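The block underneath contains the structure these notes are about, expressed in structure tokens.
The values are calculated or read from the model by the stated rules, or taken from the named source; none is laboratory data. If you're wondering where the values come from, they're calculated on a predicted model, not measured in any experiment. Reconstructed Cβ throughout: ideal geometry from the backbone, glycine too, with neighbour counts over all protein chains shown.
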Amino acid sequence: MSVPVYVALLHTPVVNRRGAIVTTAVTNMDIHDISRSARTFGVKGYFLVTPIEDQHELVGRILGHWRADRSREYHPDRFEAVSLVRLARSFEEVKTAIRSVHGQDPEVVLTDARALPNSISYAEYRRELEARSAEAGRPVVLVFGTGWGVSDVFYPEVHRILAPVYGSEGAEGYNHLSVRAAVAIILDRLFGQ
């Protein structure tokens, strides 16, 4: 894949089950599992976005453990995956970090369990990325939300929206994947072989 792809997991601005804008807590499983999926599918970096300083301290301690020399020796695969993780206090920090590497802002691609207007299928977006890869085009950041999804106050940042992941029952069936599972499925649909 020549197009540089990043993943961002937003802990704010997201909504709770009542639709109120909240900030959710970072989970240890999201750090490990999403970084492993990101590494498997060739993602350039994985950003955890939270403004809460205590969460930065906690995640920093977890990352410090997995980035230590003894972890590199004992769990080299986990060490390699966790090396992709970066903390950010805002999505603006994510864009700034990507811009500093690639010289341009990323295309922001939102994922959501809800059907949103103007969403694009995985097959269609994969074809677009493959067509762009010959010219090593604009970087992409796939945005995932926690809680009950990304708040619509974030939508002005968005350039593209991916369709929801549906199971065998389709849009009328059960649709409540963990964000870890959704990331793995979406990365596989876009970049798997």
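Close Cβ contacts (under 6 Å, 6 or more residues apart or on different chains) running from residues in the stretch 124-140 that are crowded, with 16+ Cβ neighbours inside 10 Å and of a type outside the set (Val, Ile, Thr) to residues that are at pLDDT 90 or above and part of a helix (DSSP H, G or I) comprise PRO139/ILE98; PRO139/HIS102.
Residue pairs whose Cβ atoms lie under 6 Å apart, separated by 6 or more positions or on different chains, with the first residue in the stretch 47-76 and closer than 26 Å to PRO106 by Cβ and the second outside any helix (DSSP H, G or I) and of a type in the set (Gly, Ala, Ser), are PHE47/ALA8; PHE47/ALA88; VAL49/ALA8; VAL49/ALA88.
When each of VAL59, VAL108, VAL94 is tested for being among the aliphatic types (A, V, I, L, M) and touching a helix residue (DSSP H, G or I) at 6+ places or on another chain (Cβ under 6 Å), the lone residue that passes is VAL108. Here the condition is being over 13 Å from the mean Cα position of the chain (by Cα) and under 20 Å from VAL94 (Cβ atoms); of GLY192, GLY147, GLY170, it holds for GLY147 alone. Kindly indicate whether THR27 is of a type outside the set (Asp, Glu), in contact with a Gly (Cβ under 9 Å, 6 or more places away or on another chain) and either surrounded by fewer than 16 Cβ atoms within 10 Å (Cβ to Cβ) or within 30 Å of TYR166 (Cβ to Cβ) (or both). Judged against the criteria, THR27 is not a match. With respect to the conditions (1) buried (at least 16 other Cβ atoms within 10 Å of the Cβ); (2) in contact with a helix residue (DSSP H, G or I) (Cβ under 8 Å, 6 or more places away or on another chain); (3) in contact (Cβ under 8 Å) with a residue 40 or more places away in the chain; (4) closer than 26 Å to VAL158 by Cα, VAL82 falls short on a single one, namely (4). Residues that are among the β-branched types (Val, Ile, Thr) and at negative phi number at least 3 in the following helices (runs of 4 or more DSSP H) confined to the stretch 89-193: 91-102, 179-191. Of all residues in the stretch 33-76, those being part of a helix (DSSP H, G or I) and either at pLDDT below 90 or hydrophobic (A, V, I, L, M, F, W, C) (or both) number 16.
Within the stretch 118-126, at least one residue is among the hydrophobic types (A, V, I, L, M, F, W, C) and within 15 Å of PHE191 (Cβ to Cβ).
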